[in-house]
Amino acid sequence: MSITPLPSTRGEMKERGWKQCDVILVTGDAYVDHPSFGAPLIGRFLESLGYRVGILAQPEAEGAGSGSINELGHPRLFWGVTGGNVDSMVARYTASGRLRRDDAYTPGGTALIVGQDGVKRPARPDRAASAYCRAIRRTHKGAVIVLGGIEASMRRFSHWDFVQSKVRRSLLVDTKADILVYGMGERAVKELAFRMENTMSCEGIPGTVIRKNVSPYETAVCLPSHGDLSSAPEKLFLQSELLHSRRAEVLYEQDGAWYLIQYPAARPLSTEELDSLYALPFTRRPHPMYEERIPAWEMIKDSVTAHRGCAGGCRFCGISLHQGRTIVSRSEASLMAEIEILKQRKDFSGHITDIGGPSADMYGAVCLAEPEKCQRESCLYPRPCPFFKSDVPRYLRLLEQASRKIRKVSIGSGLRLDLSLSRPEWRKAIIGRYLSGYLNIAPEHCHPSVLDAMGKYTPETVNMFMRHLEKEYPFPRAFRLRAYFIAGHPGETAEANRAAAAFIRKYKIRAEAVQSFTPLPMTRSAAFYVSKRGPLGSRIFVPGSGKAACFKAALVFRKKKEKN
């Protein structure tokens, strides 16, 4: 029996003999029926539980015809709304607030598409989750709306909005949704669907935030109110401290008459559960309605996700707010089964471009303590936790096992300097056998004041690795070094800026791999940026407006000059 996408039109519902969906998922991404895309993953998971699920991808929130928010009618249980795989404001705007012209999750890779009326419109509207929720409320009275995805995770409480440069309300208040799911949402969504099916209360579900007009019980931890944060944004520092140090408890924030109540995170899936999720019947292709290529799918179509989570806990990154620090790895059997599926594709080139995750070499890593009780921000910073055990040899065995099935296997994800690249024998195996022209690393900076604020490696770690690399693989190398740097992060002084520029020039690092700092909502770095206070509460230098990308600009200028 051939696998078909989840219904996206009335016609596709009719082909299945459906008159109504149980759940309709609305996403700011194009519909690619692949486990790397959040809405299809949740959709297939709910389908496996026996629910009828439809997907509306990049609908016209204002329209009423085909392709609009009304295309599939009204669901029996609830609407699930997400901005997509990327926060919609990050997808729409650069760090300096300029509109982007491209969107990797849209057919044709463009930020604008032609609507039903023939007029161009943004494929993904500003604050996509809010736009979709407003459209649902206008036309579906009494709708039950569940928010999810990374945009919901990173905007679940009052937060700093880098586009408007102000504190915005929780997405739950802004959208008037009924409940918000944060993190990887399979457990929470399963419980939600069950309770709604049986008309039960949705309070107390791990991994969710609700809004009530009555104060929570006395043992809940009180965060700064929205009013306090709006009048004194520097209090985001306190909010950030509490969010990380008291995450195993019930937290709440008051916003006017509303109380936003966050229950502790849902328990991560087990290896067996993650294997089952990736074994669901995905077509692993874009929906047939699309004629143009979708860059995000082109990038991952020949890759395999090996694990979830990142133990690094970098303060500028949203992964720990969404996927969490606990590493959950798929079994080797599950990964080999997916590789066999890839081999059957007619357009498969025989080259797997990546077997990895947020950081490829964290595959197989485990925490020997109780992660839910841990107060650390990071398993690796400022020094590796004795309870955290990485397993790079297992990762290398996995790559070797895959290589016996496929013509070529490469690592496309970033690699940690303090894990696989710290030991000569592992470094030699990775560089000698599993690169596809580039070695991807993420030092992010090379100055101690910035690295300390970021929660990254020490400068000694970065410099030691580079010295070993120069000694073992003198320039010109058989590969290019692609090292990711952030310009303008809190703690970056003029001296630090010059040091980073000199470091990048010295090692001939690609200028394209330098990006301007974006204070992502609810990250620790955003709290440092707004409060001008560093990790221990001391004053920290924050680069002024217009200086955030100065060493990037200098490098790009140098590169253009070299071409002429």
Q.
If you take every residue apart from Leu238 with its C-beta less than 15 Å away from the C-beta of Leu238, what net charge results, scoring Lys and Arg +1 and Asp and Glu -1?
A. +2
**Q.** Pairwise centroid distance, computed over Cα atoms, of region 421-492 with region 218-279, Å
**A.** 34 Å
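Normalized C-alpha radius of gyration of region 434-493, against 2.2 N^0.38 Å?
Computed over Cα atoms of region 434-493, the ratio equals 1.24.
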Q. Can you sort Val409, Val450 so the residue with the fewest Cβ neighbours within 10 Å comes first?
A. Val409, Val450
Q. What does the helix-only formula give at 222 nm for the chain: each DSSP H stretch with n ≥ 4 adding -39500 (n - 2.57), the total divided by the residues, and the result rounded to the nearest 500 deg cm²/dmol?
A. -9000 deg cm²/dmol
Q. Of the beta bridges DSSP finds with both residues in region 10-131, what % are antiparallel, to the nearest 5?
A. 30 percent
**Q.** With eigenvalues of the C-alpha gyration tensor scaled by 5 and rooted, region 10-208, Å
**A.** 25, 21, 15
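Fewest to most neighbouring Cβ within 10 Å: what's the order for Thr139, Thr518, Thr110, Thr326?
Ordered by Cβ neighbours within 10 Å, fewest first: Thr139, Thr110, Thr326, Thr518.
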Q. For Arg246 and Tyr438, FRET efficiency with R0 = 41 Å and r from the beta-carbon atoms, rounded to 0.05?
A. 0.50
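Calculate the dipole size of the chain relative to its Cα centre from +1 charges on Lys and Arg beta carbons and -1 charges on Asp and Glu beta carbons; express the result in debye to the nearest 20.
Around 1680 debye, computed over the chain.
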Q.
Let me confirm the definition first: pairs of Lys residues in region 10-208, 8 or more apart or on different chains, C-alpha distance under 22 Å. How many are there?
A. 4
Q: Compare the Cα positions of Gly491, Pro233, Leu147 along the charge dipole of the chain (+1 at Cβ of Lys, Arg; -1 at Cβ of Asp, Glu; about the Cα centre) and return the one farthest towards the positive end.
A: Gly491
Q) Listing Cys133, Cys202 from the residue with the fewest other Cβ atoms within 10 Å to the one with the most, what is the order? A) Cys202, Cys133
Q) Using a simple spin-label model with points 7 Å from Cα along the Cα→Cβ vector, what separation in nm is obtained for Glu218 and Arg16? A) 5.0 nm
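What net charge do the residues around Tyr252 carry, taking every other residue with its C-beta under 12 Å from that of Tyr252, with Lys and Arg at +1 and Asp and Glu at -1?
0
Every read-out reported here was derived from the displayed coordinates using simple, explicitly stated rules and does not represent laboratory data. As the structure is a computational prediction, the values presented were derived from the model and not from experiment. We place every Cβ from the backbone using ideal geometry, glycine too, and count neighbours over all the protein chains shown.
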